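S.K.: Here it is, the structure in full.
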Amino acid sequence: MSMETTVEQIDGAVPVTILALDGELDASNFRELIDTVKGLYDEGTRQLIIDLAGLRFMASSGLVALHSIVQIMHGEEPLDPEGGWQALHSLGGEPQTEVRLAGPQPAVDRVLKRTGLDRMFVVHADRYTAIDAATAPA
Amino acid sequence: MRTGTRPSTRRLPLRDDGARTAVMTGASAELDLDAVVAPFRGLDPGLCLSIESADGTPIVSTSLAAPDADAVTREIPGGALSGGRIRVWGAASGAGIGPAVAESLAAALAAAPVTDLAIAAQQAADARRLEEELAHGRRLQRSFVSLIPPAVPGYDIAAHYEAAREVGGDFFDLFRLRKRGRPLSVVVADVTGKGIAAALLMAFVRPLLHAAIDHTTGPARALERTNKILVEERRSSLFITALAGELDLPTGHLSLANAGHEPPLIVRADRSPPTWLEGAGPLVGGFARLDVPEISVHLEPGDLALLYTDGITDARAPSGERFDEWRLLESLEASRGGTARDVITALADTVCAFQEPAAPADDITIVAIRRLPSA
């Protein structure tokens, strides 16, 4: 029950951080993932791509992690009693673009779709299309 | 939670000046100088003792004969004594420490941070109390979930609920609606995440959902209303996946609404392969609106509907393999001819055996509803 994370930084006009997940995301490690992203945000990451290509399994705790990650990348403390739902409310009909998901395997893609979490994210086929989208001039 | 921290000191090599130093371990953040000094009493009163934090900041330097009383309230840089050093030397005479004193001193140093021992005992007591509280919480949680389904003529209904070691957020509900015809309401839900927060949210949501179902026109509306209340009144990163259904008893018409939950399995009496009833909206508590579609299925005499939580399919064997949906189907194929209770027991036993020797990591909930063959 383990997951490895790899962080890559792409410098450019729009710097992008790629966080690749390898293994299984579940109740045993979702808090570590949140902490990892908190660290990245504190170090200046403002565009994050989560590469799911190596993620074989995601339990429901993974959804909690993804939600918290969106909050962190919005500059909010996760579970902040005053700010908890602002991230979601401010989304309106459009998914946010600070965090992008890339290359989910079918099992993970199914969880995202079934739970509606795919409404919260733009899900790209792979990391390269995600990088193109994240760095494209607005 | 920190448990079983066993404080100890690690002796460092003898210094040239004859001083002895020990590194403190343990988690205490307060300096109990009396306790630190106690083991050295009765040695040479001319000895001096100093304590510095892990980063070398001096905290106290005092003679054993007259310990500095103010040091007791002194703040520890970095918040913890762990990694700090106790140093004892014979400064008064300027001479080194003699062999006899050195031996007692070494023994005293080994026992030095007795303050940590007291704290470890306190931590153990706290851990025990927390464990008791958790067990109490599990019993209370269990009491919310009545395992005895309501008597429903013409149907065979059974339910299974098994809490994980760490309290989880599964729940189910089976009750007769107040409206005309007294249809049967069935709910299976799972609060994401674990622990006290999930259990509390479960205790909050279960009656809310129950009331919503009893006061709206159908399961989709009930989920929508529950979602609205949660999104407006509650702030957290926890969600609920929920499957809510309403069964019209005379016709076997089962209408369902699925908010991000595992879809129900329909096992037909004609021995065709079981099928999942697809069609769902997002989980409850995550979005301002759910827009969950209402889906329906007709239970013919002999047909069985199986509702469950991800504790089944996500169950993990020691090898790392997941139970998955194919094992669920396999278990159903073997037991489909039995009663609702047989089907559930077979599945729960298979999942349990699959995980052994590990205890279930997640709650497991199963509800089976079979329309009895016409008499």
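S.K.: Starting from 0.36 nm per residue, how many nanometres of slack lie between B:D349 and B:L372 once their C-alpha separation is accounted for?
M.R.: 5.9 nm
S.K.: Check cross-link reach from B:K194 to the lysines: straight Cα distance under 27 Å, and skip same-chain residues fewer than eight apart.
M.R.: Counting by Cα, and skipping residues close in sequence, B:K194 has these lysines nearby: A:K38, A:K113, B:K228.
S.K.: Additional query: First select every other residue whose beta carbon is under 13 angstrom from the beta carbon of B:A269; then total the charges, Lys and Arg +1, Asp and Glu -1.
M.R.: +1
S.K.: Would you work out the Kirkwood radius for the range B:238-291? I mean one over the mean of 1/r across all pairs of different Cα atoms, in Å.
M.R.: When all Cα pairs of the range B:238-291 are included, the Kirkwood radius is 12.6 Å.
S.K.: Please arrange A:K113, B:K194, B:K179 by how many other C-beta atoms lie within 10 Å of their C-beta, fewest to most.
M.R.: Working: A:K113 16, B:K194 24, B:K179 11.
Ranked by crowding around the Cβ, least crowded first: B:K179, A:K113, B:K194.
S.K.: Using a Förster distance of 35 Å, how high is the FRET efficiency between B:S143 and B:D214, based on the Cβ-Cβ distance and rounded to 0.05? Could the numbers behind the result be given before it?
M.R.: Numbers: r = 21 Å, r/R0 = 0.60.
Here the calculated transfer efficiency is 0.95.
S.K.: As a check on your grasp of the helix formula, calculate [θ] at 222 nm for chain A: sum -39500 (n - 2.57) over DSSP H runs of n ≥ 4, divide by the residue count, round to the nearest 500.
M.R.: Working: 5 runs with 50 residues, N = 138.
The helix-only estimate for chain A comes to -10500 deg cm²/dmol at 222 nm.
S.K.: Same structure again: In the range A:3-135, what % of DSSP beta bridges are antiparallel (nearest 5)? If you can, show how the numbers build up before the last one.
M.R.: Working: 8 of 23 bridges.
Bridges in the range A:3-135 that DSSP calls antiparallel: roughly 35 percent.
S.K.: Moving on to the next point. Semi-axes, largest first, in whole Å: what does sqrt of 5 times each Cα gyration tensor eigenvalue give for the range A:3-135?
M.R.: That gives 19, 18, 15 Å for the three semi-axes.
S.K.: With springs only between Cα atoms under 10 Å apart, run a GNM on chain A and tell me which of A:V122, A:V37, A:V14 wobbles the most.
M.R.: In the Gaussian network model the winner is A:V14.
S.K.: For a quick check of your reading of the filter: which GluC sites (Glu not before Pro) in the range B:244-348 sit in a DSSP loop and have no more than 16 other Cβ atoms within 10 Å?
M.R.: Passing both the DSSP loop test and the Cβ count: B:E278, B:E321.
S.K.: Additional query: What is the distance in Å between the Cα centres of the range B:296-374 and the range A:2-49?
M.R.: 36
S.K.: In whole percent, what relative contact order does chain A give with Cα contacts below 8 Å and a gap of six or more residues? If you can, show how the numbers build up before the last one.
M.R.: Numbers: 231 pairs, mean separation 33.9, N = 138.
Relative contact order for chain A comes out at 25 percent.
S.K.: With a point put 7 Å past each Cα toward its Cβ, work out how far A:R110 is from B:E356 in nm, to one decimal.
M.R.: Here the answer is 2.8 nm between the modelled labels.
S.K.: Using only the Cα atoms of the range B:145-371, what semi-axes does the equivalent ellipsoid have when each is the square root of 5 times a gyration tensor eigenvalue? Give whole Å, largest first.
M.R.: 25, 24, 15
S.K.: Let me ask something else. Working out 0.36 nm times the residue gap between B:A135 and B:E325, then minus their Cα-Cα distance, what length gain in nm do you get to one decimal?
M.R.: 65.3 nm
S.K.: Rounded to whole Å, give me the distance from the Cα center of the range B:237-289 to that of the range B:190-216.
M.R.: When both Cα centres are located, 17 Å separates them.
No value in this document is a laboratory result; all are computed from the given coordinates. Just so it is clear, the model here is predicted, and its values are computed rather than measured. Please note: Cβ atoms are built from the backbone with ideal geometry, for glycine as well, and neighbour counts cover all protein chains shown.
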